[in-house]
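*Asks:* The structure that follows is given in the form of structure tokens.
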Amino acid sequence: MTDLRRDGAAALEWAARYLEGVRDQPVLAQVEPGAIRARLPQHPPANPEPFADVLRDLDQILLPGITHWQHPRFFAYFANTATEPGILAELLAATLNSVSFIWRTGPAATELELLTLDWLAELLGLPQGWHGHIEDTASVSTIAALAAARAHTGKRIIVCSEDAHSSVERAGRLLDMPLRKIPVDDAFRMRPDQLDLDGAAAVVATVGTTSTTSIDPVPAIADACRSAGVWLHVDAAYAGSAWVCPELRGSAAGVEHADSLVVNAHKWLATPMDCSCLWTRHPDALRKAFSLTPEYLRTPETAESLSDYGPALGRRFRALKLWAVLRCHGRSGLQAMIREHVRLAETFESWVRATPGWSICAPRPFSVVCFRKDDSDEANEAIMQRVNASGVAFLSHTKVKGQFVLRLAIGNARTTEDDVRLTWEAIQNEAKPDR
């Protein structure tokens, strides 16, 4: 039998040791496809096994196949961190195992989620009175918002920029809502003068696009949506977290006119995956899209059930980890982390600009730097692959104006300037002509 005190203490010790030593691990998993499965039994155990064996195999078999998102030199995609308060709260949430599909089955989970989203809205400077709840990812939050837009407007077309996240297109496929893409300007922002809102249910404007973290001109888009009676959904999954810092709230201009907004706390707010925060000024539209109460879920309470606002019925106690993070970091702790990441990105950008033969490829409003060596796409891709294979750091790429571009995304709470410098040195070394 697993003993929670004995084995739990061992698991917490494992977690603490992992976080203390993750900097010494190769960032990108150094295994080939199928290697981990080949080392595991093909069939389940016939008899109970001790939890100590689980930890042993975690160390010996699974750990080599982990790409370490907790590593301070994980600079790919949108880097993030699960910090200690959120990690511990995940344990507590799993212990409680609350399944809050209606208020009665999770009163604390339901009410804490509503309160915590109000707290976060205040920290980010959002308008008072918006209804907030948590989905697992921005992909699902976007599905919920666009389903509400369809229910609210009676129309089906989704309008977004050509640089919008792929989740918008996936939502359109799932919801049978055709997509209309709008070109971007030289700064990779949606062009309001090219907006075609004929038959549109919603426009998705992005604050912090995935490739370049560009900021669509939300005020102008909001004006057009208001005039045409079109739902405005703002995707600030990455960059919205920056609004905890007043000096970075310029990117929030016009968001107050949005009909819905998504910010992922698991991207840049120190919260473990999965915690996507969705706010709306029209909760009735979400209820219209999703609310369904069969007889077996009818109860005498009149309190709201959060399953009325999204596609899932069963809901985890996700608010507990976000609540713990907000309490244990506080406004000042979150501001300090984000400001340091922006400073480090600015520093890295300055090194690239000062180095002959390298170029910055897009504006840097937040903590992601897009850059490349003044060479072929093949050469740039080879540099990235060699850096990643070395285990020193992990970078990802995008295409900007048709060119292969490297991205360095800073978002880990443990990243230091030494980590950024070591990564830049590795990039330069792998770019040498004799490589």
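*Asks:* Determine the gain in length on full extension of the stretch residue 14-residue 174; use 0.36 nm per residue of separation and subtract their C-alpha separation, reporting nm with one decimal.
*Replies:* Numbers: separation 160, 0.36 × 160 = 57.60 nm, distance 4.06 nm.
That works out to 53.5 nm of additional length.
*Asks:* Viscosity 1.002 mPa s, temperature 20 °C: Stokes-Einstein D of the stretch 187-341 from its Kirkwood Cα radius, in µm² per second? Numbers along the way, then the final one.
*Replies:* Details: Rh = 17.4 Å.
For the chosen part, D equals 123 µm²/s.
*Asks:* For the stretch 181-318, give the magnitude of the charge dipole about the Cα centre (Cβ charges: +1 Lys/Arg, -1 Asp/Glu; no others), in debye to the nearest 20. Don't jump to the answer; show the numbers that get you there.
*Replies:* Working: 13 positive and 17 negative charges, 84 e Å.
Using only the charged Cβ atoms, the result is roughly 400 debye.
*Asks:* State the antiparallel share, in %, of DSSP beta bridges confined to the chain, rounding to the nearest 5.
*Replies:* Details: 24 of 41 bridges.
Of the beta bridges lying entirely in the chain, close to 60 percent run antiparallel.
*Asks:* Say each of residue 63 and residue 39 gets a label point 7 Å from the Cα, pointing the same way as Cα to Cβ; how far apart are those two points in nm?
*Replies:* 1.0
*Asks:* So, with a 1.4 angstrom probe, what is the percent of accessible area on the chain that is carbon and sulfur? It would help to have the intermediate numbers written out before the result.
*Replies:* Working: 10520 of 19910 Å².
C and S fraction of accessible area: 53 percent.
*Asks:* Using Cα pairs closer than 8 Å and at least 6 residues apart in sequence, work out the relative contact order for the stretch 323-400, in percent.
*Replies:* Details: 52 pairs, mean separation 13.8, N = 78.
This gives 18 percent for the stretch 323-400.
*Asks:* Taking only C-alpha pairs under 8 Å that are 6+ residues apart, what is the relative contact order of the stretch 215-335 in percent?
*Replies:* Numbers: 131 pairs, mean separation 26.1, N = 121.
Relative contact order of the stretch 215-335: 22 percent.
*Asks:* May I pose another question? If you take the beta carbon distance between residue 401 and residue 32 as r and set R0 to 35 Å, what does 1/(1 + (r/R0)^6) give as a FRET efficiency, to the nearest 0.05? Can you show the working numbers first?
*Replies:* Values: r = 34 Å, r/R0 = 0.97.
Taking R0 as 35 Å, the efficiency between residue 401 and residue 32 is 0.55.
*Asks:* About the Cα centre of the chain, how large is the charge dipole given +1 on each Lys and Arg Cβ and -1 on each Asp and Glu Cβ? Please answer in debye to the nearest 20.
*Replies:* Working: 45 positive and 53 negative charges, 49 e Å.
So the dipole magnitude of the chain works out to roughly 240 debye.
*Asks:* Normalise the Debye intensity by I(0) for the stretch 136-232, one equal point scatterer per Cα, no solvent, then take log10 at q = 0.10 Å⁻¹ and round to two decimals.
*Replies:* -0.22
*Asks:* Rounded to the nearest 500, what is the chain's calculated 222 nm mean residue ellipticity when only DSSP H runs of at least 4 contribute -39500 (n - 2.57) each, over all residues? Don't skip to the end; give the middle numbers.
*Replies:* Values: 13 runs with 173 residues, N = 435.
Theoretical 222 nm ellipticity from helices: -12500 deg cm²/dmol.
*Asks:* Comparing 332, 214, 390, which has the greatest mean-square fluctuation in the GNM of the chain with Cα pairs linked when under 10 Å apart?
*Replies:* 332
*Asks:* So what's the Cα pair-distance distribution over the stretch 4-116, bin width 5 Å, in %?
*Replies:* 2, 9, 13, 16, 16, 16, 14, 9, 4, 0
*Asks:* Can you give me the C-alpha center-to-center distance between the stretch 44-74 and the stretch 156-227, rounded to a whole angstrom?
*Replies:* 41
*Asks:* Applying the Karplus parametrisation 6.51 cos²θ - 1.76 cosθ + 1.60 with θ = phi - 60° to the phi angles of the stretch 77-84, what ³J(HN,Hα) value in whole Hz is obtained for each residue in order, glycine and proline being reported as x?
*Replies:* Per residue, the Karplus-derived 3J(HN,Hα) values read 6, 10, 5, 8, 9, 9, 8, 4 Hz.
*Asks:* When the chain is modelled as a GNM with alpha-carbon springs shorter than 10 Å, which of 254, 172, 154 fluctuates the most?
*Replies:* Highest fluctuation among the options: 154.
*Asks:* Apply the Karplus curve 6.51 cos²θ - 1.76 cosθ + 1.60, θ = phi - 60°, to the phi angles in the stretch 25-42 and return the couplings in whole Hz, x for Gly and Pro.
*Replies:* 8, x, 5, 8, 3, 9, 10, 8, x, x, 5, 5, 4, 5, 8, 9, x, 6
*Asks:* Suppose the chain between residue 52 and residue 417 were pulled fully straight at 0.36 nm per residue; how much longer would it get relative to their current alpha carbon spacing?
*Replies:* Working: separation 365, 0.36 × 365 = 131.40 nm, distance 3.75 nm.
Taking 0.36 nm per residue and subtracting the Cα distance, the gain is 127.6 nm.
*Asks:* Still on this model: Shape of the stretch 317-409 from its Cα gyration tensor (a ≥ b ≥ c, root eigenvalues): rounded if a/c is under 1.5, otherwise prolate when a/b > b/c, or oblate? Intermediate results must be reported in sequence, preceding the final value.
*Replies:* Numbers: a/c = 2.71, a/b = 1.99, b/c = 1.36.
Prolate.
*Asks:* Per residue, how much accessible surface does the chain expose to a 1.4 Å probe? Answer in Å², no decimals.
*Replies:* On the way: 19910 Å² over 435 residues.
On a per-residue basis, 46 Å².
*Asks:* Please say if the stretch 358-415 is rounded, prolate or oblate, where rounded means a/c under 1.5 for a ≥ b ≥ c the square roots of the C-alpha gyration tensor eigenvalues, and otherwise the choice is prolate for a/b larger than b/c and oblate otherwise?
*Replies:* Numbers: a/c = 2.45, a/b = 1.14, b/c = 2.15.
Oblate shape, in that a/c is at least 1.5 and b/c is the bigger or equal ratio.
*Asks:* In the Gaussian network model of the chain, springs joining C-alpha atoms below 10 Å, which of 192, 300, 246 carries the largest mean-square fluctuation?
*Replies:* 300
*Asks:* Restricting to bridges with both residues inside the stretch 153-258, how much of the DSSP beta-bridge set is antiparallel, in percent to the nearest 5? Could the numbers behind the result be given before it?
*Replies:* Values: 2 of 15 bridges.
In the stretch 153-258, approximately 15 percent of DSSP beta bridges are antiparallel ones.
*Asks:* How do the peptides 126-135, 77-86, 197-206 rank, highest first, by the average count of neighbouring beta carbon atoms within 10 Å per residue? Could the numbers behind the result be given before it?
*Replies:* Values: 126-135: 19.4, 77-86: 22.5, 197-206: 24.2.
Output ranking for 126-135, 77-86, 197-206: 197-206, 77-86, 126-135.
*Asks:* Express the relative contact order of the chain as a whole percentage, based on alpha carbon pairs under 8 Å and six or more residues apart in sequence.
*Replies:* Working: 799 pairs, mean separation 95.1, N = 435.
Relative contact order of the chain: 22 percent.
*Asks:* Step through the residues of the stretch 348-354 one at a time and calculate ³J(HN,Hα) from phi using the Karplus curve (6.51 cos²θ - 1.76 cosθ + 1.60, θ = phi - 60°), rounding each to whole Hz and writing x for Gly and Pro.
*Replies:* Residue by residue, the stretch 348-354 yields 4, 4, 5, 5, 5, 4, 7 Hz.
*Asks:* Rounded, prolate or oblate: pick one for the stretch 281-435, where a ≥ b ≥ c are the square roots of the eigenvalues of its C-alpha gyration tensor, a/c under 1.5 means rounded, and failing that, prolate if a/b is larger than b/c, else oblate. Kindly include the intermediate steps, with their values, before the conclusion.
*Replies:* On the way: a/c = 3.14, a/b = 2.28, b/c = 1.38.
Prolate shape, in that a/c is at least 1.5 and a/b is the bigger ratio.
*Asks:* Could you tell me which of the pairs 373/401; 288/321; 267/288 are separated by over 26 angstrom between their Cα atoms in the structure shown? Walk me through the numbers before you get to the answer.
*Replies:* Values: 373/401 15 Å; 288/321 29 Å; 267/288 29 Å.
Violating the 26 Å Cα-Cα cut-off are 288/321; 267/288.
*Asks:* Okay, next question. Placing +1 on the Cβ of each Lys and Arg and -1 on the Cβ of each Asp and Glu in the stretch 366-435, which of 398, 383, 424 has its Cα farthest towards the positive end of the resulting dipole?
*Replies:* 398
*Asks:* Pull out the extension gain between residue 3 and residue 301, defined as 0.36 nm times the separation in residues minus the alpha carbon to alpha carbon distance; nm, one decimal. Walk me through the numbers before you get to the answer.
*Replies:* Values: separation 298, 0.36 × 298 = 107.28 nm, distance 3.83 nm.
Going from the current span to full extension adds 103.4 nm.
*Asks:* Once you have the alpha carbon radius of gyration of the stretch 313-368, what is it after dividing by 2.2 N^0.38 Å, with N set to its residue count?
*Replies:* Values: Rg = 17.7 Å, N = 56, 2.2 N^0.38 = 10.2 Å.
The value comes to 1.74.
The values are calculated or read from the model by the stated rules, or taken from the named source; none is laboratory data. None of the values given here were measured: they were computed from a predicted structure. When we count neighbours, we look across all protein chains shown, and the Cβ atoms used for this are built from the backbone with ideal geometry, even at glycine. Heavy atoms of the whole protein, side chains included, go into the accessibility calculation; ligands, DNA and RNA do not. Shrake-Rupley method; radii C 1.70, N 1.55, O 1.52, S 1.80 Å.
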